[in-house]
Amino acid sequence: MQITLKTPLDMHLHLRDHEMLQTVAPLSAETFSAAIIMPNLVPPVTTIEEVIAYKERISKATGNLNFDPLMTLFFKNDYSYDFLKQAKAHITAIKLYPAGITTNSESGVSSIDSENLRHTLEAMSELEIPLCIHGETDGFVMDREKEFVPIYEDLAKNYPNLKIIMEHITTKDSVEALDRHPNLYATITLHHLLITLDDVAGGMLKPHLFCKPIAKRYEDREALLKVALEAHPKVMFGSDSAPHPQHAKEACGCAAGVFTAPIALQVLAELFETHNKLDNLQSFISDNAQKIYHYTPSPKAVVLEKKPFTVPETYDNVVPMYAGEEIAWSITSLS
Ligand code: NCD
Ligand code: ZN
């Protein structure tokens, strides 16, 4: 059995910087046509000069792999209309983090409501710059995303012309909110389609499956699977592949993030095949995102076959999901 995926897109990706960038960027650039690049560097990407320089470093790290890094700015509440107007030529979206909620988000926003953010959100609406949000409160860890849904809805109602992407959704509540507002969209990761909290902490603790938002309940995974497998037009794939060095994951104080970039397409093929939905994978992996972001990628084709592949234990010092295990599908050709 085989499938050809055209122009795969990863609509939420962490490429980091320096040595880590050199390790991970080629792994995404080989198989994906483009990706939305997260701005949570240290310090975060907040100026046009930083966007341009980071994009250049990514392009250098990905060489001739025909990969388009779609850049983002780290949301700040004092971006002016004129600044955003200039920035628009260099970015695809702006990413909003609640302060301190995840890796490198300390300088995020501490009070998220439609009035507090009016200045910047009105400018973004007018300039048609999409807003990507890490939607978690600082409540009890299993309830953080559920508690954020009313905030998504407040923003969606108050800025009807603003495209809002609920990033890496993990709950049934977020899935249900999608259909209530025409301007709400979502990315879904691979790992949240596969695991629940049981896989992370139900037995021996699995640091390489620890991420933000934390994997939730079985009914949440079911709700995510349903919209992904049917390729609901408002959902798209965003890996949230978030590499950390092995020592930072296997530590007292484990860094949050699952590294899935090198196995994402193979495991998605297996998942969609298992559910007899392989025909919908093209929409989930590329076509929906193209429509939502009005983006046309340059050609790339990835042929996958149902043929076992043993996942490497590490890529340099980063441990991927399924490290050392055999997965059912392999990439057999790239063009
Ligand atoms: C991400 C990271 O490491 O940058 N971590 C994660 O657990 N997903 C940040 C994020 O997307 O929340
Ligand atoms: Zn992320």
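The values are calculated or read from the model by the stated rules, or taken from the named source; none is laboratory data. A quick note: this is a predicted structure, and the numbers were derived from the prediction, not measured. Don't worry about glycine lacking a Cβ; one is built from the backbone with ideal geometry, like all the others, and counts go over all protein chains shown.
With the structure loaded, tell me whether A256 is surrounded by 20 or more Cβ atoms within 10 Å (Cβ to Cβ) and within 16 Å of ligand 2 (Cβ to nearest atom) or whether it fails that test. Criteria not met by A256.
Residue-by-condition table, conditions (1) away from ligand 2 (no atom under 15 Å from the Cβ); (2) surrounded by fewer than 19 Cβ atoms within 10 Å (Cβ to Cβ); (3) more than 21 Å from the chain's Cα centre (by Cα); (4) not acidic (D, E):
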| residue | (1), (2), (3), (4) |
| --- | --- |
| M38 | no, no, no, yes |
| L65 | yes, yes, no, yes |
| F83 | yes, yes, yes, yes |
| L96 | no, no, no, yes |
| S107 | yes, yes, no, yes |
| S114 | yes, yes, yes, yes |
| L117 | yes, no, yes, yes |
| E126 | yes, yes, yes, no |
| D138 | yes, yes, no, no |
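Selection of the stretch 125-175 for residues being aliphatic (A, V, I, L, M), in a helix (DSSP H, G or I) and either out of contact with any Phe, Trp or Tyr (no Cβ under 8 Å at 6 or more places or on another chain) or over 24 Å from D10 (Cα atoms) (or both) yields V149, I151, L155, A156, V175.
There is no residue in the stretch 172-183 that is acidic (D, E) and closer than 22 Å to L73 by Cβ. Is there a residue being in a loop (DSSP other than H, G, I, E, B), within 16 Å of ligand 1 (Cβ to nearest atom) and surrounded by fewer than 18 Cβ atoms within 10 Å (Cβ to Cβ) anywhere in the stretch 312-324? Scanning the stretch 312-324 turns up at least one residue that is in a loop (DSSP other than H, G, I, E, B), within 16 Å of ligand 1 (Cβ to nearest atom) and surrounded by fewer than 18 Cβ atoms within 10 Å (Cβ to Cβ). Among residues of the stretch 95-108 that are closer than 12 Å to K76 by Cβ and without any contact (Cβ under 8 Å) to a residue 24 or more places away in the chain, those with a Cβ under 8 angstrom from a residue that is more than 12 Å from ligand 1 (Cβ to nearest atom) and of a type in the set (A, V, I, L, M), sequence gap 6+ or separate chain, pair up as A99/V109. Scan the stretch 26-34 and tell me whether some residue there is surrounded by fewer than 24 Cβ atoms within 10 Å (Cβ to Cβ), more than 14 Å from the chain's Cα centre (by Cα) and hydrophobic (A, V, I, L, M, F, W, C). Within the stretch 26-34, one or more residues are surrounded by fewer than 24 Cβ atoms within 10 Å (Cβ to Cβ), more than 14 Å from the chain's Cα centre (by Cα) and hydrophobic (A, V, I, L, M, F, W, C).
Would you mind stating whether I101 is over 30 Å from K6 (Cβ atoms), surrounded by 15 or more Cβ atoms within 10 Å (Cβ to Cβ) and touching a Lys or Arg at 6+ places or on another chain (Cβ under 8 Å)? Judged against the criteria, I101 is a match. When residues in the stretch 91-107 are screened for being in a loop (DSSP other than H, G, I, E, B) and hydrophobic (A, V, I, L, M, F, W, C), 3 of them pass. In the stretch 166-179, the count of residues that are more than 29 Å from T31 (Cβ to Cβ), more than 16 Å from ligand 1 (Cβ to nearest atom) and touching a His at 6+ places or on another chain (Cβ under 9 Å) is one or more. Do we find that E222 is surrounded by fewer than 16 Cβ atoms within 10 Å (Cβ to Cβ), of a type outside the set (A, V, I, L, M, F, W, C) and within 23 Å of T274 (Cα to Cα) in this structure? So E222 passes the test.
Can you name the residue in the stretch 1-25 that is buried (at least 22 other Cβ atoms within 10 Å of the Cβ) and assigned to a helix (DSSP H, G or I) and, of all such residues, is nearest to ligand 2 (Cβ to nearest atom)? Taking the candidates together, the pick is V24.
Taking the condition of being part of a loop (DSSP other than H, G, I, E, B) and within 16 Å of ligand 2 (Cβ to nearest atom), how many residues in the stretch 176-194 meet it? Residues that pass the stated criteria total 2. Being modelled with pLDDT of 95 or more, surrounded by 18 or more Cβ atoms within 10 Å (Cβ to Cβ) and touching a Cys at 6+ places or on another chain (Cβ under 7 Å) is not true of V302. Where helices (runs of 4 or more DSSP H) fall wholly inside the stretch 202-276, the ranges with 1 or more residues that are closer than 25 Å to N288 by Cβ, of a type in the set (G, A, S) and modelled with pLDDT of 95 or more are 218-229, 264-274. Within the stretch 72-81, does at least one residue satisfy the condition of being modelled with pLDDT under 95, of a type in the set (G, A, S) and either in a loop (DSSP other than H, G, I, E, B) or more than 27 Å from R221 (Cβ to Cβ) (or both)? No; the residues of the stretch 72-81 include none that is modelled with pLDDT under 95, of a type in the set (G, A, S) and either in a loop (DSSP other than H, G, I, E, B) or more than 27 Å from R221 (Cβ to Cβ) (or both).
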